[in-house]
Amino acid sequence: MARATPSKAILVILLLIGLLLGSIIGDILGKLGVPYVFESKEIRWSPAGDLLILVWDIDIILSINLASAIGLGIAFWIYRRL
């Protein structure tokens, strides 16, 4: 019997939860003195547009550290196990 695949929305939710939990754990471990866990790299995307009647400017910043990358990997593994 074929197994039903979970939806893409569940994947996105799990990945966001993994990133958040990994980031929180990384901050906690960083305050406890564990090296290299809390140092993060930023990915910045700033789309902007001007349509004369509608102007927008959005800043999206993704800050990833080692713990959040591990949390992301665990979240993807959990998604594959569903």
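For 14, 82, the sequence from fewest to most other C-beta atoms within 10 Å is 82, 14.
Considering only the Cα atoms of the chain, their convex hull presents on average a projected area of 8.0 nm². For the chain, chymotrypsin sites (Phe, Trp or Tyr not before Pro) are listed when DSSP marks them as loop and at most 11 other Cβ atoms sit within 10 Å of their Cβ; the list is 36.
Every read-out reported here was derived from the displayed coordinates using simple, explicitly stated rules and does not represent laboratory data. Here the structure is a predicted model, which is why all the values come from computation and not from measurement. Glycine also receives a Cβ, built like all others from the backbone with ideal geometry; neighbour counts cover every protein chain displayed.
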